[in-house]
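For reference, the structure discussed in these notes is given below.
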Amino acid sequence: MSESGTNAIVWFRRDLRLSDNPAWAVATGSADEVVPVFVLDDTLLDAAGPFRRAQLLGEVAALDATIREHTGGRLFLRRADPAQVLADLVDDRTVGVFWNDDVAPYATARDARVEAALSCPVQRFWGTLFHRPGSVLTGKGTLSKVFTPFYNRWIVTDVDPWPTPGSASVATGPGESLDALVQAAGPAPLPPGEAGAADRLADWARRADNYLTDRDTPSIEGTSMLSSDLKFGTLSPRHIAQYLGTTTSGREGFVRQLSWRDWWAHTLYEFPALTTASVRPEYDNIAWRYDEADFSAWATGQTGYPIVDAGMRQLAQTGWMHNRVRMITASFLVKDLLIDWRHGERHFRKLLIDADLAQNGGNWQWVAGTGPDAAPYFRIFNPTSQSRKFDPHGAYIRTWVPELSALDSKAIHEPAAAAPLDLAGAGVILGDTYPAPIVDHAFARERTLAAYKAVKES
């Protein structure tokens, strides 16, 4: 750090980029020198599964490389309490600490503690969202509990301008090494940094026109693969929307998903218990059942329902799952096994590379029918019908449940209903090489309807 002139501290968190980053831009125009800081928080690091941990460490290393390449500075990496780290970096030349806010309850409590420990001004921005919480409201001045009205407001809401970067130099002081952590975690599952994110965005732009027709087919590349970049902030949602535009129905449909992301973030900001309590409190009285064997079968992809098993194995082996299959597997846990959605939310959050508290919690509540704008409780996915509709030839199932790969395109969706000779010819032995269904869907549907109806009537 320079010993003369003013300095500004930028605390990177979920905004691991220099471009289109309001905290970075304002800081570089507010002082002679900027000190970029990333604090490895063991609470968050320990909560991440192997895929997200590896991706996070890769993104932090890539940010350091970007800072070195473009500014000649270095990222100040620390592994300690962020309040102590930032307080120690502040001196009488510090004009402020700058960061982009997060809606997660842990982050808001931590940030309040950090701000209280600092002896200089703090400037906070919303560089992780398209619109900041509280800026997209109904005519009555409230956050809409229904998504479509929120989207209709969101799309016409004026965008708060973000500044352009200034000309401050960037500090080159020492930081802790990531080498041991990176070696232990292994390579990032996705090419990290702004360069990797830019490549994914460019690739998505070549496919985005077909989004509405391709997005529900898990065997093809019909979705953007940008969720990790939004999670870690290697791309801003504003840049994505601007880059893609809305000139086709596919692009417009994808930009609508950025609004869905904002809506859940704004909802978590107003309802911090989104992952621990039903938004509709009456549904916290559902008589859930918890069967350890059933949960384990679901988590390991051994339910006897091929589309469910394919999705859960994809998650376990890669840290990612196709969006349509996320809905199918979540519905199976909640509506077929009648297991509390919170168990599934925590399992997904642990393993997903792109796990975002607001999106994951909100989407689980949507499937469970407990959220503000939820699928009706009586909408219960039939996993076999969903499989036949969205994976008609069984290509996705064959990839992730290879023991069924020799079955034909009809039998592969429901091996338990296949003729014994067809099973034998494909080398499938139910209960041995592949499990029999752990629950009968028709029975499970009636059981779930009764459990939800009991709450509604009470």
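The values are calculated or read from the model by the stated rules, or taken from the named source; none is laboratory data. Not measured: the values here are computed from a predicted model. Here the Cβ positions follow ideal geometry from the backbone for every residue, glycine too, while neighbour counts run over all protein chains shown.
Annotations
- Within the range 162-195, the set of residues being more than 30 Å from GLY319 (Cβ to Cβ), of a type in the set (A, V, I, L, M) and not in a loop (DSSP other than H, G, I, E, B) comprises just one member, VAL170.
- ALA426 vs. criteria without any contact (Cβ under 8 Å) to a residue 40 or more places away in the chain and surrounded by 15 or more Cβ atoms within 10 Å (Cβ to Cβ): yes
Residues are listed down the side, and each one gets a yes or a no for (1) touching an Asp or Glu at 6+ places or on another chain (Cβ under 9 Å); (2) exposed (fewer than 14 other Cβ atoms within 10 Å of the Cβ); (3) more than 30 Å from HIS266 (Cβ to Cβ):
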position: ARG153; (1), (2), (3): no, no, no
position: VAL170; (1), (2), (3): yes, no, yes
position: LEU201; (1), (2), (3): yes, no, no
position: ARG206; (1), (2), (3): no, yes, yes
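- Hey, ARG346 modelled with pLDDT of 95 or more, out of contact with any helix residue (DSSP H, G or I) (no Cβ under 8 Å at 6 or more places or on another chain), in the same structural domain as THR399 (by TED's automatic domain parsing) and assigned to a helix (DSSP H, G or I) or not: yes
- Residue among THR28, THR43 that alone is out of contact with any helix residue (DSSP H, G or I) (no Cβ under 6 Å at 6 or more places or on another chain), of a type in the set (S, T, N, Q) and surrounded by 23 or more Cβ atoms within 10 Å (Cβ to Cβ): THR28
- Some residue of the range 359-368 being at pLDDT 95 or above, in a loop (DSSP other than H, G, I, E, B) and not acidic (Asp, Glu): no
- For the range 92-113, a tally of residues being free of Cβ contacts under 8 Å to residues at least 40 places away in the same chain and either surrounded by fewer than 18 Cβ atoms within 10 Å (Cβ to Cβ) or touching a Leu at 6+ places or on another chain (Cβ under 7 Å) (or both) returns 4.
- Qualifying residue in the range 437-451 (condition: assigned to a helix (DSSP H, G or I), at negative phi, of a type in the set (Ser, Thr, Tyr) and in the same structural domain as LEU333 (by TED's automatic domain parsing)): yes
- Only one of the numbered conditions (1) surrounded by 14 or more Cβ atoms within 10 Å (Cβ to Cβ); (2) assigned to a helix (DSSP H, G or I); (3) polar (S, T, N, Q) is violated by THR213, and that is (1).
- Test for TRP320: is it in contact with an Asp or Glu (Cβ under 6 Å, 6 or more places away or on another chain), surrounded by fewer than 24 Cβ atoms within 10 Å (Cβ to Cβ), part of a loop (DSSP other than H, G, I, E, B) and not acidic (Asp, Glu): no
- Those residues of the range 375-386 which are surrounded by fewer than 21 Cβ atoms within 10 Å (Cβ to Cβ) and touching a residue at least 12 places away in the same chain (Cβ under 8 Å), in sequence order: PHE378, ASN382, THR384
- For first residues located in the range 54-74 and at positive phi, partners that are buried (at least 18 other Cβ atoms within 10 Å of the Cβ) and lie 6+ apart or on another chain with Cβ distances below 9 Å form the pairs GLY72/VAL170.
- TYR283 in contact (Cβ under 8 Å) with a residue 40 or more places away in the chain, closer than 18 Å to ASN363 by Cβ and hydroxyl-bearing (Ser, Thr, Tyr): yes
- Evaluation of GLY141 against (1) assigned to a loop (DSSP other than H, G, I, E, B); (2) at pLDDT below 95 (one fails), failing number: (2)
- Wholly enclosed helices (runs of 4 or more DSSP H) of the range 36-116 bearing at least 2 residues modelled with pLDDT of 95 or more and within 22 Å of ASP20 (Cα to Cα): 50-71
- Any chance LEU178 is at pLDDT below 95 and crowded, with 18+ Cβ neighbours inside 10 Å: yes
- Taken as a whole, the structure places PHE150 among residues that are assigned to a helix (DSSP H, G or I) and touching a residue at least 12 places away in the same chain (Cβ under 8 Å).
- Taking the range 181-199 as the range and being modelled with pLDDT under 95, touching a helix residue (DSSP H, G or I) at 6+ places or on another chain (Cβ under 6 Å) and either buried (at least 16 other Cβ atoms within 10 Å of the Cβ) or of a type in the set (S, T, N, Q) (or both) as the test, the residues that pass are LEU181, VAL182, ALA185.
- A single entry from LEU315, LEU274 fulfils the requirement of being under 21 Å from LEU352 (Cβ atoms) and part of a helix (DSSP H, G or I): LEU315.
- Among the candidates TRP341, TRP366, the residue that is assigned by TED's automatic domain parsing to the domain that holds SER387, closer than 22 Å to TRP263 by Cβ and without any contact (Cβ under 8 Å) to a residue 12 or more places away in the chain is uniquely TRP366.
- Only residues that are surrounded by fewer than 18 Cβ atoms within 10 Å (Cβ to Cβ), aliphatic (A, V, I, L, M) and over 28 Å from ALA109 (Cα atoms) were counted across the range 56-84, and they come to 1.
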